[in-house]
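A.B. asks: The following block contains the structure, expressed as structure tokens.
The values are calculated or read from the model by the stated rules, or taken from the named source; none is laboratory data. Note that the coordinates shown come from a computational prediction; the quantities given were computed from them, not determined experimentally. Glycine also receives a Cβ, built like all others from the backbone with ideal geometry; neighbour counts cover every protein chain displayed.
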Amino acid sequence: MKSLTITALLFGLSVCTFAQVTVTIDLSVEPHVVSPYIYGRNNSLSDNPGSPLSAAEWTRIKDSGIKFLRESGGNNSTKYNWRRKLSSHPDWYNNVYAHDWDFAAQSMQQNLTDVQGMWSFQLIGKAAKTTTANFNDWSYNSSQWWSGVNQNLAGGGVVNASGGSAATTNGNPDLYLENWTADSTVLLLDHWFNKLALQKSSLTYWSMDNEVEIWSGTHDDVMPTQESAEAFMQRYFAVAKKAREAFPGIKLVGPVPANEWQWYNWQGGITQDGKKYTWLEYFIKRIAEEQQASGVRLLDVLDIHFYPGSTNPTEIVQFHRVFFDKDYSYPEALGVKNISGTWDDSQTKEYIFERCKAWLAQYIGTSHGVTFGVSETGISLVNANTSAVWYAGMLGEFMRHPEVEIFAPWTWQAGMWEVLHLYARYNKTQYAKATSSDETSVSAYPTINQSGDSITVVLVNRASTSKTATVNFSGFNLANQSFDVLKLSGLTSSETFVSHQTNALQKSTITPSQNALNVTLPSMSVTSILLKGAKGEVVTGIDENDAREVMNLYPNPVEESRAVTIEIRKSGTASLELMDVTGQRLKHFFREKKVTSNAREKLELAEISTGTYLLKLQIDDRIYYRKIVVAR
């Protein structure tokens, strides 16, 4: 492919001399697909049929462009009973409350046709059975939070009025929990897919419980002493094998450690054959051994949680570097100091996913196919601009690395809906390689559409001063027109994102001069430039986001029937063909056909193999592209 170079000259306003930053976007390196499931979030749906989401809440979720919802509830998922629709809350006296995962999953599939939902399997061996043994927290203190909310008081416990997590007498878990086998947890798949007829295609990802390394703290009513890492692995294997048998296309997500310390450390340590192992290395090693012994694939996404504690904005906006950057010294590094099996205080560089890549290659082989996920994270609240820039950097880092498949922050602050909307609605589908000579201050995250004629360049300015960028292009000729600029800066503490029409995006235009742009980047800001270009081998049309207004597809992905309906929302003379992602025509559905607005056509794809394709619709003199996935 042709190369595209952007040179950005950024002038520091706080010093007398200017500093030059060069950003290069190189399309000679093949772009890679960005997983849509990095545009995710926790706890967005209602699991209470008596309190469904309002129309305004559905609008915000839909209009944000969100693509992934983790809805199991974190610690509350470990003792969930899908038969009784109950869960025991470890952070609230172990009391049992109603949760209807059926309702949440059904409402997601009814309202969000292109979103993936992730729920979880229970591995601890116990599940909630009744609300009758709850501690009466309303009678005790009107259900107010206090330091004793972690006391084990469900099941007849005696409260310790002095507070803290230790009750005077612990409750009896047998009064509110029942045994929960691997068969019990996996039978949720049969319940959902066979009895409720939910679609597998949007329920592919399943988490293997939650933060298992700290069960002796979060679930000490069941596990007062943390079991060994190997004992947990046996629980994992039993559930994973049954899940794979029940749903061969499932994506198993684990082991879901709680934070940086638990990435490396299991309570009591891990030693095998005289060698000490960190937790994630041991987990990968045992997955590899059991896969080889059983012939069953046991891991698809290696998932972690991350909760840094800093309140320093300068530190927070660099936290995206903890996953892959081998030069980044993480100021809160702790667990990594045990990486060699012996405490080494000099160890401060995490690059946790790079380490996992090496372990996966070592133990499973280079064709392991395991991707990465961060299904929970959150930062201390400083202000909306810090939250927005941090989140923009996290998304940008995960766009850069095709190994990252899912990302869903747990803590959600003002500014994050705005960033999600800016990225998910306006970014293209493939990431182009970008480098910056001052990555600490300014990053560029460019994406290009499959047709190769539209680019969105996101510029994140982490500096406390504004920057001026001169952007030059080579190998890509800008169209002779003004381009839209969408900017987030100066955000307030209140939530500003309401919908695609009502939000805090500052909209302007920019006009190129001699195939170059001059851009001002406000301090602590996120700026997207929506570019179109003229390339001889590509028809310049509107991008896939705009094409959604012209043609609707359902179902997408296409599964067993291999038939899809297209609804054309524009009148004119139309031609429709199917192309592969390289642009090669595979099938003509019709040529120069007169269509009226809202016309529907059923397209047969029985002879098309599984994969990702493009539908190319031409109406009069305009061309529109939509991606379609043909599944097994």
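A.B. asks: Filter segment 273-301 for residues that are assigned to a strand (DSSP E or B) and either touching an Asp or Glu at 6+ places or on another chain (Cβ under 9 Å) or not assigned by TED's automatic domain parsing to the domain that holds M394 (or both) and give the result.
C.D. replies: Passing the criteria: only V301.
A.B. asks: Let me ask you something else. Kindly check whether there is at least one residue in segment 132-153 that is in a loop (DSSP other than H, G, I, E, B), of a type in the set (V, I, T) and over 30 Å from I304 (Cβ atoms).
C.D. replies: Within segment 132-153, one or more residues are in a loop (DSSP other than H, G, I, E, B), of a type in the set (V, I, T) and over 30 Å from I304 (Cβ atoms).
A.B. asks: Right, next: Which number in (1) in a loop (DSSP other than H, G, I, E, B); (2) under 20 Å from the mean Cα position of the chain (by Cα); (3) among the hydrophobic types (A, V, I, L, M, F, W, C) marks the one condition that V253 misses?
C.D. replies: The failed condition is (1).
A.B. asks: Pull up segment 335-381, narrow it to residues that are within 16 Å of F324 (Cβ to Cβ) and among the charged types (D, E, K, R), then point me to the one that is surrounded by the fewest Cβ atoms within 10 Å (Cβ to Cβ).
C.D. replies: Checking each candidate, the answer is E354.
A.B. asks: Looking only at segment 589-598, how many residues end up being in a strand (DSSP E or B) and farther than 21 Å from S561 by Cβ?
C.D. replies: Going through segment 589-598 one residue at a time, the tally reaches 5.
A.B. asks: A follow-up question, please. Name the single residue that is farthest from G335 (Cα to Cα) among those in segment 347-397 being touching a His at 6+ places or on another chain (Cβ under 9 Å) and of a type in the set (D, E, K, R).
C.D. replies: E397
A.B. asks: Then there's this: Among the residues of segment 301-317, which ones are buried (at least 22 other Cβ atoms within 10 Å of the Cβ) and out of contact with any Ser or Thr (no Cβ under 7 Å at 6 or more places or on another chain)?
C.D. replies: L302, I304, listed by residue number.
A.B. asks: If we scan segment 119-126, do we find a residue that is within 24 Å of the chain's Cα centre (by Cα), over 20 Å from N94 (Cα atoms) and of a type in the set (A, V, I, L, M, F, W, C)?
C.D. replies: Scanning segment 119-126, I find at least one residue that is within 24 Å of the chain's Cα centre (by Cα), over 20 Å from N94 (Cα atoms) and of a type in the set (A, V, I, L, M, F, W, C), so the answer is yes.
A.B. asks: What are the pairs with Cβ atoms under 8 angstrom where one residue, in segment 88-110, is within 15 Å of Q199 (Cα to Cα) and the other, located anywhere, is surrounded by fewer than 24 Cβ atoms within 10 Å (Cβ to Cβ) and among the basic types (K, R)? Sequence gap at least six, or different chains.
C.D. replies: As it stands, the answer is W101/K85; D102/K85, since those pairs meet every condition given.
A.B. asks: Only residues that are surrounded by fewer than 20 Cβ atoms within 10 Å (Cβ to Cβ) and either among the hydroxyl-bearing types (S, T, Y) or closer than 14 Å to I287 by Cβ (or both): list them for segment 239-250, please.
C.D. replies: Answer for segment 239-250, where residues must be surrounded by fewer than 20 Cβ atoms within 10 Å (Cβ to Cβ) and either among the hydroxyl-bearing types (S, T, Y) or closer than 14 Å to I287 by Cβ (or both): K241, R244.
A.B. asks: Which members of segment 45-79 meet the condition of being under 22 Å from P90 (Cβ atoms) and either of a type in the set (D, E) or touching a helix residue (DSSP H, G or I) at 6+ places or on another chain (Cβ under 7 Å) (or both)?
C.D. replies: L45, S46, D47, E71, N75
A.B. asks: Also: Go through (1) assigned to a loop (DSSP other than H, G, I, E, B); (2) touching a residue at least 12 places away in the same chain (Cβ under 8 Å); (3) not basic (K, R) for L188 and report which single condition fails.
C.D. replies: It fails just one condition, (1).
A.B. asks: Another question, if that's okay. Considering only segment 471-527, how many residues are aromatic (F, W, Y) and free of Cβ contacts under 8 Å to residues at least 24 places away in the same chain?
C.D. replies: 0
A.B. asks: Now a separate question. Looking only at segment 168-183, which residues are surrounded by 19 or more Cβ atoms within 10 Å (Cβ to Cβ) and not in a helix (DSSP H, G or I)?
C.D. replies: The answer is N170, G171, Y176, L177, W180.
A.B. asks: Ok, one more. Quick one: what pairs do we get from segment 576-588, first residue over 14 Å from E607 (Cβ atoms), second at pLDDT below 75 and β-branched (V, I, T), C-beta under 9 Å, 6+ apart or different chains?
C.D. replies: These pairs meet every condition: G583/V538.
A.B. asks: With the requirement that a residue be within 20 Å of the chain's Cα centre (by Cα), of a type in the set (S, T, N, Q) and farther than 19 Å from L420 by Cα, what does segment 346-379 give you?
C.D. replies: The answer is T371, and nothing else.
A.B. asks: Another question about this same structure. Does G269 satisfy being touching a Ser or Thr at 6+ places or on another chain (Cβ under 9 Å) and in the same structural domain as V374 (by TED's automatic domain parsing)?
C.D. replies: no
Residue by residue, here is whether (1) farther than 20 Å from E290 by Cβ; (2) more than 26 Å from the chain's Cα centre (by Cα) holds:
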{"site": "D183", "(1), (2)": "no, yes"}
{"site": "D209", "(1), (2)": "no, no"}
{"site": "H219", "(1), (2)": "yes, yes"}
{"site": "A231", "(1), (2)": "no, yes"}
{"site": "A258", "(1), (2)": "yes, no"}
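A.B. asks: Do we find that S609 is assigned to a loop (DSSP other than H, G, I, E, B), free of Cβ contacts under 8 Å to residues at least 24 places away in the same chain and not β-branched (V, I, T) in this structure?
C.D. replies: Considered against the rule, which asks whether it is assigned to a loop (DSSP other than H, G, I, E, B), free of Cβ contacts under 8 Å to residues at least 24 places away in the same chain and not β-branched (V, I, T), S609 comes out as yes.
A.B. asks: If a residue has to be exposed (fewer than 11 other Cβ atoms within 10 Å of the Cβ) and either closer than 20 Å to A547 by Cα or not assigned by TED's automatic domain parsing to the domain that holds V550 (or both) to count, how many in segment 601-616 make the cut?
C.D. replies: 1
A.B. asks: Something else: Looking at G369, G393, which one is in a loop (DSSP other than H, G, I, E, B) and not hydroxyl-bearing (S, T, Y)?
C.D. replies: G369
Yes or no, residue by residue, for (1) under 30 Å from K276 (Cβ atoms); (2) in contact (Cβ under 8 Å) with a residue 24 or more places away in the chain:
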site: G148; (1), (2): no, no
site: T204; (1), (2): no, yes
site: F237; (1), (2): yes, yes
site: P257; (1), (2): yes, yes
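This table checks each residue for (1) closer than 23 Å to E495 by Cβ; (2) in contact with a helix residue (DSSP H, G or I) (Cβ under 8 Å, 6 or more places away or on another chain); (3) among the hydroxyl-bearing types (S, T, Y); (4) not in a loop (DSSP other than H, G, I, E, B).
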| position | (1), (2), (3), (4) |
| --- | --- |
| E332 | no, yes, no, no |
| D344 | no, yes, no, no |
| E354 | no, no, no, yes |
| Q413 | yes, yes, no, no |
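A.B. asks: Could you please let me know if D190 is among the acidic types (D, E), in contact with a Leu (Cβ under 9 Å, 6 or more places away or on another chain) and modelled with pLDDT of 95 or more?
C.D. replies: So D190 does not fit the description; no.
A.B. asks: Across segment 570-598, what is the total count of residues that are under 22 Å from N449 (Cα atoms) and among the charged types (D, E, K, R)?
C.D. replies: 4
A.B. asks: Mind listing whichever residues of segment 218-235 are of a type outside the set (D, E, K, R) and either part of a loop (DSSP other than H, G, I, E, B) or closer than 20 Å to T278 by Cα (or both)?
C.D. replies: Result: H219, V222, M223, P224, T225, Q226, S228, A229, A231, F232, M233, Q234.
A.B. asks: Here's another thing I want to ask about it. Would you check if there is a residue in segment 204-214 being surrounded by fewer than 22 Cβ atoms within 10 Å (Cβ to Cβ), among the polar types (S, T, N, Q) and either at pLDDT 95 or above or not in a loop (DSSP other than H, G, I, E, B) (or both)?
C.D. replies: Looking through segment 204-214, at least one residue is surrounded by fewer than 22 Cβ atoms within 10 Å (Cβ to Cβ), among the polar types (S, T, N, Q) and either at pLDDT 95 or above or not in a loop (DSSP other than H, G, I, E, B) (or both).
A.B. asks: A further question on this structure: On the given criteria, is V222 farther than 26 Å from A408 by Cα, surrounded by 17 or more Cβ atoms within 10 Å (Cβ to Cβ) and either touching a strand residue (DSSP E or B) at 6+ places or on another chain (Cβ under 7 Å) or β-branched (V, I, T) (or both)?
C.D. replies: So V222 fits the description; yes.
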